[in-house]
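These notes are about the structure you will find just below.
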Amino acid sequence: MFELTLLAPEDRVETLSEALEALDALSVSVEDADALTEAEQALFGEPGMPPPKAGWQRSRVVALFGEEAAAREAAALLQVQDFFDGCEVLAITTLADQDWVRLTQSQFDPVEITPTFWIVPSWHEPPAQARQVIRLDPGLAFGTGTHPTTRMCLRWVAARDLVGQRVLDYGCGSGILAIGAAKQGANDIVAVDIDPAAVESTRLNAANNHVALHAGLPDQAQGVYQVVLANILATPLKVLAPLLCAFVADGGHLVLAGILSRQVDELKAAYAPWLVLDVADELDGWVLMTARRG
(Lines give C-alpha, C1' and ligand atoms only; values in the text may rest on other atoms or scores of the structure.)
Protein backbone atom coordinates (compact mmCIF):
# COMPACT_ATOMS: atom_id res chain seq x y z
CA MET A 1 0.00 0.00 0.00
CA PHE A 2 1.29 3.47 -0.92
CA GLU A 3 0.32 6.85 0.51
CA LEU A 4 0.35 10.01 -1.62
CA THR A 5 0.41 13.15 0.53
CA LEU A 6 -0.45 16.57 -0.92
CA LEU A 7 -0.58 20.08 0.52
CA ALA A 8 -3.56 22.15 -0.63
CA PRO A 9 -5.17 25.50 0.18
CA GLU A 10 -8.72 25.44 1.50
CA ASP A 11 -10.38 26.27 -1.83
CA ARG A 12 -8.72 23.35 -3.66
CA VAL A 13 -9.42 20.54 -1.21
CA GLU A 14 -12.78 19.40 -2.58
CA THR A 15 -11.67 19.46 -6.23
CA LEU A 16 -8.41 17.71 -5.38
CA SER A 17 -10.21 15.02 -3.38
CA GLU A 18 -12.64 14.37 -6.24
CA ALA A 19 -9.77 14.16 -8.72
CA LEU A 20 -7.99 11.61 -6.53
CA GLU A 21 -11.16 9.51 -6.41
CA ALA A 22 -11.37 9.74 -10.21
CA LEU A 23 -7.78 8.50 -10.30
CA ASP A 24 -8.92 5.46 -8.32
CA ALA A 25 -7.44 6.22 -4.92
CA LEU A 26 -8.59 3.54 -2.50
CA SER A 27 -9.33 6.23 0.07
CA VAL A 28 -8.87 9.98 0.49
CA SER A 29 -8.60 11.80 3.82
CA VAL A 30 -8.03 15.44 4.74
CA GLU A 31 -6.01 16.66 7.73
CA ASP A 32 -5.03 20.04 9.16
CA ALA A 33 -1.53 20.70 7.85
CA ASP A 34 -0.96 22.98 10.85
CA ALA A 35 -2.18 20.50 13.49
CA LEU A 36 -0.36 20.70 16.83
CA THR A 37 1.01 24.14 15.98
CA GLU A 38 -0.14 27.64 16.93
CA ALA A 39 -1.79 27.89 13.50
CA GLU A 40 -4.06 24.87 14.13
CA GLN A 41 -7.71 25.60 13.25
CA ALA A 42 -10.91 24.23 14.75
CA LEU A 43 -13.16 23.06 11.94
CA PHE A 44 -15.73 20.41 12.82
CA GLY A 45 -18.67 22.23 14.36
CA GLU A 46 -17.26 23.43 17.67
CA PRO A 47 -19.64 25.74 19.62
CA GLY A 48 -19.64 29.27 18.25
CA MET A 49 -17.79 28.27 15.08
CA PRO A 50 -19.13 28.74 11.51
CA PRO A 51 -20.39 25.66 9.61
CA PRO A 52 -17.73 23.08 8.67
CA LYS A 53 -15.78 23.64 5.46
CA ALA A 54 -14.18 21.18 3.05
CA GLY A 55 -10.71 21.76 4.45
CA TRP A 56 -8.44 23.85 6.59
CA GLN A 57 -6.61 26.96 5.43
CA ARG A 58 -3.68 24.62 4.75
CA SER A 59 -4.84 21.04 4.34
CA ARG A 60 -2.91 17.82 3.98
CA VAL A 61 -4.75 15.54 1.54
CA VAL A 62 -3.77 11.89 1.90
CA ALA A 63 -4.67 9.27 -0.71
CA LEU A 64 -4.02 5.52 -0.57
CA PHE A 65 -3.10 3.49 -3.66
CA GLY A 66 -2.51 -0.22 -4.02
CA GLU A 67 0.49 0.20 -6.32
CA GLU A 68 3.40 2.66 -6.25
CA ALA A 69 3.03 3.22 -10.00
CA ALA A 70 -0.59 4.30 -9.51
CA ALA A 71 0.40 6.78 -6.78
CA ARG A 72 3.18 8.25 -8.93
CA GLU A 73 0.94 8.46 -11.98
CA ALA A 74 -1.74 10.23 -9.94
CA ALA A 75 0.82 12.74 -8.66
CA ALA A 76 2.09 13.39 -12.19
CA LEU A 77 -1.40 13.84 -13.66
CA LEU A 78 -2.52 16.16 -10.87
CA GLN A 79 0.51 18.42 -11.22
CA VAL A 80 -0.40 19.32 -14.81
CA GLN A 81 -4.02 20.23 -13.98
CA ASP A 82 -4.87 23.91 -13.74
CA PHE A 83 -6.64 23.33 -10.41
CA PHE A 84 -3.34 22.12 -8.88
CA ASP A 85 -1.99 25.69 -8.81
CA GLY A 86 -1.10 26.45 -5.17
CA CYS A 87 -0.92 22.76 -4.26
CA GLU A 88 2.18 20.68 -3.63
CA VAL A 89 3.18 17.00 -3.64
CA LEU A 90 4.72 16.34 -0.22
CA ALA A 91 5.58 12.64 -0.39
CA ILE A 92 4.83 9.15 -1.67
CA THR A 93 5.47 6.64 1.09
CA THR A 94 5.14 2.89 1.56
CA LEU A 95 2.78 1.68 4.30
CA ALA A 96 3.06 -1.52 6.27
CA ASP A 97 0.90 -4.35 4.94
CA GLN A 98 -2.58 -4.57 6.44
CA ASP A 99 -5.86 -6.10 5.36
CA TRP A 100 -7.04 -2.80 3.91
CA VAL A 101 -9.92 -4.38 2.03
CA ARG A 102 -11.46 -5.85 5.17
CA LEU A 103 -10.89 -2.61 7.05
CA THR A 104 -12.89 -0.67 4.47
CA GLN A 105 -15.61 -3.15 3.52
CA SER A 106 -18.06 -1.77 6.03
CA GLN A 107 -17.97 1.61 4.24
CA PHE A 108 -19.29 0.28 0.91
CA ASP A 109 -22.86 -0.58 0.02
CA PRO A 110 -24.38 -1.43 -3.38
CA VAL A 111 -24.29 1.53 -5.80
CA GLU A 112 -27.38 2.35 -7.87
CA ILE A 113 -26.64 3.33 -11.46
CA THR A 114 -30.28 3.08 -12.54
CA PRO A 115 -33.18 1.51 -10.61
CA THR A 116 -32.38 -1.81 -12.34
CA PHE A 117 -28.59 -1.55 -12.85
CA TRP A 118 -26.39 -1.87 -9.74
CA ILE A 119 -22.77 -2.30 -8.67
CA VAL A 120 -22.68 -4.74 -5.77
CA PRO A 121 -19.68 -5.76 -3.61
CA SER A 122 -19.24 -9.52 -3.17
CA TRP A 123 -20.27 -9.40 0.50
CA HIS A 124 -23.73 -7.95 -0.34
CA GLU A 125 -26.79 -9.52 -1.90
CA PRO A 126 -28.09 -7.63 -4.97
CA PRO A 127 -31.17 -5.47 -4.37
CA ALA A 128 -34.43 -7.15 -5.36
CA GLN A 129 -35.03 -4.67 -8.19
CA ALA A 130 -31.61 -5.22 -9.80
CA ARG A 131 -31.77 -6.73 -13.29
CA GLN A 132 -28.14 -6.07 -14.23
CA VAL A 133 -25.42 -6.42 -11.58
CA ILE A 134 -21.69 -5.74 -11.73
CA ARG A 135 -19.84 -7.50 -8.92
CA LEU A 136 -16.91 -5.33 -7.83
CA ASP A 137 -15.06 -5.13 -4.52
CA PRO A 138 -13.70 -1.71 -3.48
CA GLY A 139 -10.06 -1.97 -2.48
CA LEU A 140 -9.36 -4.80 -4.91
CA ALA A 141 -9.63 -2.73 -8.07
CA PHE A 142 -9.08 0.65 -9.69
CA GLY A 143 -12.56 2.19 -9.99
CA THR A 144 -15.55 1.15 -7.93
CA GLY A 145 -18.49 3.01 -9.44
CA THR A 146 -18.90 5.41 -6.54
CA HIS A 147 -17.32 8.44 -8.25
CA PRO A 148 -19.61 10.72 -10.31
CA THR A 149 -17.56 10.25 -13.50
CA THR A 150 -17.91 6.46 -13.40
CA ARG A 151 -21.59 6.63 -12.50
CA MET A 152 -22.32 8.96 -15.43
CA CYS A 153 -20.48 6.68 -17.86
CA LEU A 154 -22.39 3.67 -16.59
CA ARG A 155 -25.70 5.56 -16.79
CA TRP A 156 -24.92 6.23 -20.45
CA VAL A 157 -24.07 2.57 -21.03
CA ALA A 158 -27.10 1.30 -19.09
CA ALA A 159 -29.46 3.37 -21.25
CA ARG A 160 -28.38 1.62 -24.46
CA ASP A 161 -28.76 -1.70 -26.21
CA LEU A 162 -25.20 -2.57 -27.21
CA VAL A 163 -25.94 -6.01 -28.64
CA GLY A 164 -23.39 -6.90 -31.31
CA GLN A 165 -21.44 -3.65 -30.93
CA ARG A 166 -17.67 -3.29 -30.71
CA VAL A 167 -16.63 -1.25 -27.63
CA LEU A 168 -13.31 0.27 -26.51
CA ASP A 169 -12.69 1.19 -22.85
CA TYR A 170 -9.58 3.39 -22.99
CA GLY A 171 -8.01 3.79 -19.54
CA CYS A 172 -10.04 0.89 -18.20
CA GLY A 173 -8.83 0.82 -14.57
CA SER A 174 -10.94 -1.88 -12.95
CA GLY A 175 -12.68 -2.63 -16.23
CA ILE A 176 -16.01 -1.49 -14.81
CA LEU A 177 -17.13 0.33 -17.98
CA ALA A 178 -16.11 -2.56 -20.24
CA ILE A 179 -17.98 -4.97 -17.97
CA GLY A 180 -21.02 -2.68 -18.04
CA ALA A 181 -20.93 -2.69 -21.85
CA ALA A 182 -20.81 -6.50 -21.83
CA LYS A 183 -23.84 -6.58 -19.53
CA GLN A 184 -25.67 -4.47 -22.15
CA GLY A 185 -24.90 -6.94 -24.91
CA ALA A 186 -21.62 -5.79 -26.50
CA ASN A 187 -19.74 -8.85 -27.71
CA ASP A 188 -16.40 -7.47 -28.96
CA ILE A 189 -14.90 -5.44 -26.11
CA VAL A 190 -11.33 -4.17 -25.80
CA ALA A 191 -10.18 -2.65 -22.48
CA VAL A 192 -6.76 -0.99 -22.32
CA ASP A 193 -4.70 0.82 -19.70
CA ILE A 194 -1.10 2.00 -19.33
CA ASP A 195 -0.89 0.27 -15.93
CA PRO A 196 -0.32 -3.52 -16.09
CA ALA A 197 -1.93 -3.87 -12.66
CA ALA A 198 -5.12 -2.31 -14.02
CA VAL A 199 -5.06 -4.71 -16.96
CA GLU A 200 -4.82 -7.67 -14.59
CA SER A 201 -7.56 -6.21 -12.40
CA THR A 202 -9.81 -5.86 -15.45
CA ARG A 203 -9.22 -9.49 -16.40
CA LEU A 204 -10.05 -10.71 -12.89
CA ASN A 205 -13.15 -8.56 -12.61
CA ALA A 206 -14.37 -9.69 -16.04
CA ALA A 207 -13.95 -13.33 -14.98
CA ASN A 208 -15.78 -12.67 -11.71
CA ASN A 209 -18.66 -11.17 -13.72
CA HIS A 210 -18.66 -13.98 -16.29
CA VAL A 211 -18.13 -11.65 -19.26
CA ALA A 212 -15.69 -11.93 -22.15
CA LEU A 213 -13.37 -9.08 -23.12
CA HIS A 214 -9.82 -8.46 -24.31
CA ALA A 215 -7.67 -6.52 -21.79
CA GLY A 216 -4.19 -5.22 -22.49
CA LEU A 217 -1.89 -2.24 -22.90
CA PRO A 218 -2.95 0.64 -25.22
CA ASP A 219 -1.32 -0.92 -28.30
CA GLN A 220 -4.01 -3.62 -28.12
CA ALA A 221 -6.59 -1.08 -29.32
CA GLN A 222 -6.89 -1.54 -33.08
CA GLY A 223 -9.42 -0.58 -35.73
CA VAL A 224 -12.67 1.26 -35.08
CA TYR A 225 -15.46 0.83 -32.52
CA GLN A 226 -19.15 1.69 -32.28
CA VAL A 227 -18.55 2.97 -28.72
CA VAL A 228 -15.33 4.51 -27.35
CA LEU A 229 -15.33 5.17 -23.59
CA ALA A 230 -12.59 7.15 -21.82
CA ASN A 231 -12.95 8.12 -18.17
CA ILE A 232 -9.62 9.80 -17.41
CA LEU A 233 -8.95 13.52 -16.73
CA ALA A 234 -9.19 16.63 -18.90
CA THR A 235 -5.48 17.08 -19.69
CA PRO A 236 -4.80 13.53 -20.97
CA LEU A 237 -8.16 13.58 -22.78
CA LYS A 238 -7.04 16.68 -24.68
CA VAL A 239 -3.72 15.07 -25.58
CA LEU A 240 -5.51 11.89 -26.70
CA ALA A 241 -8.09 13.70 -28.85
CA PRO A 242 -6.80 12.65 -32.30
CA LEU A 243 -6.21 9.07 -31.18
CA LEU A 244 -9.59 8.59 -29.51
CA CYS A 245 -11.47 10.19 -32.41
CA ALA A 246 -9.70 7.90 -34.87
CA PHE A 247 -11.12 4.90 -33.01
CA VAL A 248 -14.76 6.00 -33.52
CA ALA A 249 -16.54 4.20 -36.36
CA ASP A 250 -19.01 5.90 -38.71
CA GLY A 251 -22.19 6.32 -36.70
CA GLY A 252 -20.28 5.50 -33.52
CA HIS A 253 -20.23 7.26 -30.15
CA LEU A 254 -17.38 8.86 -28.20
CA VAL A 255 -18.03 9.11 -24.44
CA LEU A 256 -15.63 11.12 -22.27
CA ALA A 257 -15.52 11.68 -18.50
CA GLY A 258 -13.15 12.98 -15.86
CA ILE A 259 -14.02 16.53 -16.90
CA LEU A 260 -14.92 19.34 -14.53
CA SER A 261 -17.81 21.62 -15.52
CA ARG A 262 -15.46 24.55 -16.05
CA GLN A 263 -13.33 22.53 -18.49
CA VAL A 264 -16.12 21.97 -21.05
CA ASP A 265 -14.98 24.66 -23.49
CA GLU A 266 -11.39 23.38 -23.39
CA LEU A 267 -12.53 19.90 -24.37
CA LYS A 268 -14.82 21.16 -27.10
CA ALA A 269 -11.95 23.12 -28.63
CA ALA A 270 -9.53 20.19 -28.39
CA TYR A 271 -11.91 17.80 -30.19
CA ALA A 272 -13.36 20.31 -32.70
CA PRO A 273 -11.07 19.27 -35.60
CA TRP A 274 -12.56 15.77 -35.49
CA LEU A 275 -15.86 15.63 -33.60
CA VAL A 276 -18.39 17.97 -31.97
CA LEU A 277 -18.59 17.31 -28.24
CA ASP A 278 -21.66 18.14 -26.16
CA VAL A 279 -22.45 17.80 -22.46
CA ALA A 280 -24.67 14.75 -22.01
CA ASP A 281 -24.80 14.54 -18.22
CA GLU A 282 -23.62 16.43 -15.14
CA LEU A 283 -23.14 15.29 -11.54
CA ASP A 284 -21.50 17.00 -8.56
CA GLY A 285 -19.44 19.41 -10.65
CA TRP A 286 -18.29 16.77 -13.18
CA VAL A 287 -19.64 16.39 -16.72
CA LEU A 288 -20.04 13.62 -19.27
CA MET A 289 -19.30 14.72 -22.83
CA THR A 290 -20.31 12.76 -25.91
CA ALA A 291 -20.02 13.00 -29.68
CA ARG A 292 -21.28 10.95 -32.62
CA ARG A 293 -19.58 10.50 -35.95
CA GLY A 294 -21.94 11.02 -38.86
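The values are calculated or read from the model by the stated rules, or taken from the named source; none is laboratory data. Predicted model, so just to flag it, every value in this text is computed and none were measured. Cβ atoms come from the backbone with ideal geometry, glycine included; neighbour counts cover every protein chain shown. For the accessible areas, the whole protein counts, side chains as well, though only heavy atoms, and no ligand, DNA or RNA atoms are used. Shrake-Rupley method; radii C 1.70, N 1.55, O 1.52, S 1.80 Å.
Restricting to the range 241-294, give me the number of residues that are in contact with a Ser or Thr (Cβ under 6 Å, 6 or more places away or on another chain) and of a type in the set (Val, Ile, Thr).
2
Arg160 - would you say it is under 26 Å from Gly285 (Cβ atoms), under 16 Å from the mean Cα position of the chain (by Cα) and open to solvent by 30 Å² or more (accessible area, probe 1.4 Å)?
Details: under 26 Å from Gly285 (Cβ atoms): yes; under 16 Å from the mean Cα position of the chain (by Cα): no; open to solvent by 30 Å² or more (accessible area, probe 1.4 Å): yes.
Against the criterion (under 26 Å from Gly285 (Cβ atoms), under 16 Å from the mean Cα position of the chain (by Cα) and open to solvent by 30 Å² or more (accessible area, probe 1.4 Å)), Arg160 does not qualify.
Name the residue, out of Val28, Val80, that is surrounded by fewer than 17 Cβ atoms within 10 Å (Cβ to Cβ), at pLDDT 90 or above and not charged (D, E, K, R). Spell out how you get there, then give the answer.
Working: Val28 fails: surrounded by fewer than 17 Cβ atoms within 10 Å (Cβ to Cβ).
Result of the check over Val28, Val80: Val80.
Quickly run through the range 95-147 and pick out the residues that are open to solvent by less than 30 Å² (accessible area, probe 1.4 Å), at pLDDT below 70 and among the aliphatic types (A, V, I, L, M).
If the condition is that a residue be open to solvent by less than 30 Å² (accessible area, probe 1.4 Å), at pLDDT below 70 and among the aliphatic types (A, V, I, L, M), then Val101, Ala141 are the ones that fit.
Identify, by number, the condition in (1) surrounded by fewer than 24 Cβ atoms within 10 Å (Cβ to Cβ); (2) of a type outside the set (Val, Ile, Thr); (3) in contact with a Lys or Arg (Cβ under 9 Å, 6 or more places away or on another chain); (4) more than 24 Å from Thr290 (Cα to Cα) that Pro196 doesn't meet.
Failed condition: (3).
Residue-wise test of (1) more than 14 Å from the chain's Cα centre (by Cα); (2) surrounded by 20 or more Cβ atoms within 10 Å (Cβ to Cβ); (3) touching a residue at least 60 places away in the same chain (Cβ under 8 Å).
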residue	(1), (2), (3)
Asn187	yes, no, no
Val192	yes, yes, no
Asn208	yes, no, yes
Leu256	no, yes, no
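Out of the range 261-294, which residues are part of a strand (DSSP E or B) and open to solvent by less than 10 Å² (accessible area, probe 1.4 Å)? Give the derivation first.
The first filter runs over the range 261-294 and keeps only residues part of a strand (DSSP E or B), leaving 278-283, 286-292.
Hits for the range 261-294 are Trp286, Val287, Leu288, Met289, Ala291.
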